[in-house]
Structures are given as C-alpha cells and as structure tokens.
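Since the structure comes first, as structure tokens, the remarks are kept for the end.
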Amino acid sequence: MEYLTVHSPILIVAVPLLAAFITPLISRIGNKFRDTVNVSLLSFVTFLIVILTIDIYANGTRVYTLGASVPELALPENYMVPVRIMFQVDGISIFMGLTTTVVALAALVYSLQFVKNETGQDRFYSLFMLLYVGMIGLEFTGDMFNLFVFLEILSIAGAGLASYRVNMADAVEGGFKYIIISAVSALFVLFAIGILYSEYNLLSIAALAHSMQFTTLDLIALALLAIAFVMKLAGVPLHMWAPDTYAVAPAGITPMIYTSSAASMYALYRVTFTLYGGHFDTTAIGWVVIILGVLSMFIGVMMAIHQTDIKRLMAYHAISQSGYMLLGVGVGLAVLTDPVALANYGRDAMNGGIFHIINNALYKGMLFLTAEAIFFRIGTRDLNKMGGLGHNMKWTTIFFIIGALAISGIPPFNGFASKLLIYESVFRFNPLLSIIAMFVSLVTLASFTKVFYSAFTGPEMPAFKEVREVPRSMLIGMGIMVACIIFFSIFPGLVVDTIVAPATDALIDQASYINGVMGAVP
Amino acid sequence: MSVLTYGYAVWSPIVWLVVLLVLAAIVLYVRSRGQKRYKKGTAQTDIFISGIQVPPAEQRHVPAHNIYWGFFEALKGFYNTMMRPHTGIINDYILWLVAVMVVTVLVLVMVI
C-alpha cells in the first residue's frame, strides 16, 4: 500500500494514458472486453485517488519528481531550483482530482450503452481517456510548461469528442469552435509562460512564486494567463463558444468537457493565489474575478431561461453556475491581504465557491446526462417538441427533479449548502453581490421549472407512446451522480470539513506550496 | 457530520428533512379525512373545459417558447441587446478575447 501511495501521483496519470493507447488494440479482441478493461482501469484510478486523498489530508502536500532517485526529492543535488518534471498535489489539487474522477467514472459507465451502436468506438474511448489525462495532469502538475501541455491534451481530446457525431453538422462546428478557442487560449498561456521563463529562467510554479518580482511584464503575464483560463472556463463575456460545444457533444462527454472547464478554473485559482498571491495587493485582480463572476451568473441565467434547446439551456446554466464559483473565490482573493476580513468572511466565501465546484460538477453533469437520455430516446433537443415524457421515463424524471432542485439551491440539497455559504459571506463583503446571486437562483428555478413542465409533464404524447426508459448502464451512470448528490446534501458539514476546507487552505497558504518544493532555500 | 457550521450560522439538512416529514404526515392525514367518492377511470376523471371538446394531447401541452412569454416580452430590449454579440461566428469570439485581455492588462498595470 505504501508503494501505491508514494507512486499514486504518476500512476493516476499513467494508467489512463496507457488505457488511451491500448484501447484501439484491445478493441480488436472485442468491444465488451475493451469496455471491461476501461471501466476496471478507471475504477483502479479512482481507488488510487482515494488513497492519495487520505494521504494528503493526513500528511500534507505530496511531491512526485520524475527521474529523481527518491520521488519526493524536488531539488536535484547541487541545484538551487527544481528542473525536473514534477507533480505537486496539495489540498486543492486532490479536491479537483476527486471531482474529475467521480464525473469521469459516471460518464464512462453512462457512455457504454450510449455509443454502443456508433462507429469509431475505439477512438471515442481513447479520446475519453486522454481527456481525463489532460484534466488530471493539469490539476496535479507542479510546473507551468506541463500545465500548458496538459491543457493542450485536454483541448485536443475535448474537440475530438465534441465533434464525435460527425453525421451532425453542428457537432463538427461545435468541435471546430472548441479547438480554435482552446488553441488561441493555449497560445496566450504559452506566451505568458515564455515571459516568466525569460525573466526568471524557471518553470516550477513553486520556484516562480518564490522568485516573483511583480514587474510590469509579470502583470502582463498574469492578465494573459487569467483571461486565457476565463475563456476556457467560459466566463462571460468569453462564454459564447460553450453553448455551441456543450449542446452537440455526445452524452457522457458534455459533463467531461464541463469538468475540464472546472479544471481551467482550478488553473486560474492556482495562478492567482499560488503563483502571484501573497506578495501584492490582490484586490484589483479579486475584483476582476468578482465582476466576471457576477456577469457570468446573471447573463448566463438570463440567456438560459430564453432557450428552447434543452442542452443549450443547460450550457448557459453551466456558465451561470461558474459565476458562483468565481464570485466566492473572487471575494477570498479580494481580501487575501486583509487577515481580519479573510478570517471573518473571505475563507467562508472561498469554501462556498470551492464546495460549489464539486456540487455543480455532480448535478450539472447529471442534468446533462438526463438531457442526453431524452435525446437518446426521442431524437430531438427541442423543448417545443417534447411533453409527457415522465409517463415513460420515470427514473430519468426523478433524476432530473433531484438535479433541478439541487442546481436551483432548494434545501436540503447540496446546491443550497454551497450557495448559502456564498450568500452569507459575500453579503458581508458587498450586499448587492449577494442579492444578485439570490436573484440568479430564483431565475434558475424558473428555468428548470420550464424544462420540467415542457419535457416531463402534460398528457402522454402519441408520438412518444413507444418511448421507453434508457438502458441500465445509462441509469447507473446517472445513479452514481445522484448517490453523490444525496450524500453531499445530507452531510455538507463532513464534506466541507474534510475536503473543501483543506482545499481552501491550500490556496490561501502559498508559503506551504512553495516550501513543499523549495524547502529551506532562501 | 451533517451540520455545516461557519462563522455566523449553521445549516442542518437533517432538521430540514424532519420538518418535511412532519409536514408530509400532516398533509397525508388531512388528505385521508377528505372525500372518498373518487373513482379512478370513470367520467369523474375526464377533462372538462366548460363543455368544449377537449383537444388532442399534443395540442393541450403548452410548448416551451410560450412559457414566460410576458417576461420575455417585457425584457425584449434586453434580449435584443444580448442576442447581438451571440453571433455564432468564431472570429467574433476571438475578438472578445482580445478585447477583454487588453482591458485586463490595462486595469492590472494601471491599478497595481
């Protein structure tokens, strides 16, 4: 077990990478064999994530240096700075890893039946695993260049998967838009990394944070990094690609692409808190994040309620919910240099924002799956053409109701717990922001009431008389997420104390991250 | 484990669930005291609209684009403004990226 714990950071990346490349080969043996191998390997990775989580919460940050005689040895002999490829997994990294893995496992199980009759399944599963590798690598990496590499991996795999259903013209268009915005964002990230490397000769995040001088060039690099990640996480006004891509991606992939946006949000937090935080007044960048969050919340929800395509509606809600996360963590960032405000409400606001990441990944991911379950059975995403589906798709209806109540912040669901933390703590920072957040929740409820009424209620339509519930593996995929939602709803205290608060503390405590690599280096 | 405690308040979903269960019990009790002459599958359950012939199922369901019609009508100006930047053209999306980038660089360099 000790061996597995020590090597888990690399195994969590290497095992799905191996799965991605062996998938086309094992597909030749049989589809069932390939599916079994993929589910088994991802379950094994989930197990590794769990033991790494336990280890990190017990012993603190884990560093894994590739090529070192001992993996924990970040600095090579006679070197003052780290030069090797390195994973540095702290509270926030493992929190994101846990979120990503739960969503990936549910999405993989859901996809088994969904793509059963499609062509190119081996490529689908290869890209699926590569997308997972991109996300988890981005969350675990300890250096800026590999952050760029993993960002590229997730972007390319995501674009391939978004356009998987090439028989649908809008799928190809959605994939094309995704790769273009991802490539341009990644170029800005690379440019920023180039600026930092030319100044400091360093790529390690910890070493860069340790050496940061806050020159004008550093601030330009910060703007390049922050806005590139905001584009990837689809924050308003850089959100327009998201509905075009989310709406057309196959079932199982939409939650994954959405979770990859959450990974970009993690990258934004890592840059603003760890790379730049602690040395300068973060109020200005905090307010930039808050304004982007409020715009995302408000415009996202107002656009969502207007939609009649169920997946575009949910995509706009995804943008709106990202706003809550930006708002909560933005308030923490704005008061980062004020210890009293941070202790009074900044840390709670961050807890709320970070708790909302995992909550939203679960219920938003599940809602995307219910939308695709409807599309799978009736072949349309148009709400105007739906009605009475609750008569024949009872499980999907129940799952939808749970997801809709959770996302609308109705007690006792988990969405309420994270939103309550955000409302109350943000109110102390600026009451107007909190009022806007509550209004957005009301419109969210109205919007999902519209979906529920249009799709599930009403008389049984003659056209849908033969419609049946979706296959079992798709129900199991949704069921995994519902089980997590219910658990998180009943035990919010446990979740916040054990995984959310350590993630928040990891972001606030920049010195601990730096010391994890630089040790006693002055 | 169930109670979420933070600086100034607490949230206990278990208490909420208990209250919901008590309310559900009261509702069920009141319902059980009601009329018992209801018969499923008889004319009692047929739709009655002042004697008008009931339209077929697909015509009885209000389509999604009619829901909240008044809300959208009142906010027509807002929605027209909002729709304008959502062109669906990738070149415009990239222009937005560049514009926001420039504004952020200026804000950071001038404020900090």
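Any read-out appearing in this document is the output of simple, stated calculations on the displayed coordinates, not a laboratory observation. On a predicted model such as this, the values are computed, not experimentally measured, just so you know. Reconstructed Cβ throughout: ideal geometry from the backbone, glycine too, with neighbour counts over all protein chains shown.
Taking label points 7 Å from Cα along the Cα-to-Cβ direction, A:Leu4 and A:Met438 give a separation of 4.8 nm. Axis angle, to the nearest 10 degrees, between helix B:90-111 and the longest C-alpha principal axis of chain B: 70 degrees. Enumerate by residue number the trypsin sites (Lys or Arg not before Pro) in the stretch B:13-62 meeting two conditions: DSSP loop (anything except H, G, I, E, B), and at most 12 other Cβ atoms within 10 Å of the site's Cβ. Answer in residue order: B:Arg33, B:Lys36, B:Arg37, B:Lys39, B:Lys40.
For chain A, the relative contact order comes to 16 percent (Cα pairs under 8 Å, sequence separation of at least 6). Remark: A:Thr245, A:Thr283 ranked as A:Thr283, A:Thr245, counting other beta-carbon atoms within 10 Å and listing the fewest first. Shown here for the stretch A:74-165: trypsin sites (Lys or Arg not before Pro) in loop regions (DSSP other than H, G, I, E, B) with at most 13 other Cβ atoms within 10 Å, namely A:Lys116. Just check the stretch A:419-493 against the gyration tensor rule for me: Cα atoms, a ≥ b ≥ c as the square roots of the eigenvalues, rounded for a/c under 1.5, and otherwise prolate or oblate depending on whether a/b exceeds b/c. Oblate, because a/c is 1.5 or more while a/b does not exceed b/c. Projected label points at A:Leu73 and A:Phe191, each 7 Å from Cα along the beta carbon direction, are separated by 4.0 nanometres. Taking the Cα centroid of the stretch A:12-28 and of the stretch B:64-101, what is the distance between the two, rounded to the nearest whole Å? The stretch A:12-28 and the stretch B:64-101 have Cα centres separated by 42 Å. Each of A:Met438, A:Val451, A:Gly403 was placed along the dipole of the stretch A:361-505 (beta-carbon charges, centred on the mean Cα), and the one lying farthest toward the positive end is A:Val451. Just to confirm my numbers, what's the Cα centroid distance between the stretch A:435-496 and the stretch A:158-228 in Å? Answer, in whole Å: 34. Ignoring aspartates and glutamates fewer than eight residues from A:Lys116 along the same chain, the ones with Cα atoms less than 12 angstrom from its Cα are A:Asp35.
Using equal-weight Cα scatterers in the Debye expression, the normalised intensity of the protein assembly as shown in log10 at q = 0.08 Å⁻¹ is -0.56. Could you size up the charge dipole of the protein assembly as shown around its Cα centre, putting +1 on the beta carbon of Lys and Arg and -1 on that of Asp and Glu, and report it in debye to the nearest 20? For this selection, approximately 2500 debye.
Taking other residues whose beta carbon is less than 13 angstrom from the beta carbon of A:Asp90, and scoring Lys, Arg as +1 and Asp, Glu as -1, yields -2. Restricting the calculation to Cα atoms, the stretch A:281-490 yields a radius of gyration followed by a Dmax of 18.2, 63 Å. In chain A, helices alone account for a calculated mean residue ellipticity at 222 nm of -24000 deg cm²/dmol, with every DSSP H run of four or more residues adding -39,500 (n - 2.57).
Spacing of the modelled spin labels on B:Leu21 and A:Ala483, each 7 Å from Cα toward Cβ, amounts to 2.3 nm.
I'd like the trypsin sites (Lys or Arg not before Pro) in the stretch A:1-69 restricted to DSSP loop residues with at most 10 other Cβ atoms within 10 Å, sorted by number.
Values: sites: A:Arg28, A:Lys32, A:Arg34, A:Arg62; in loops: A:Arg28.
Sites meeting the loop and neighbour criteria: A:Arg28.
Each principal axis of the Cα cloud of the stretch B:4-111 was taken in turn, and the coordinate range along them, longest first, works out to 76, 51, 24 Å.
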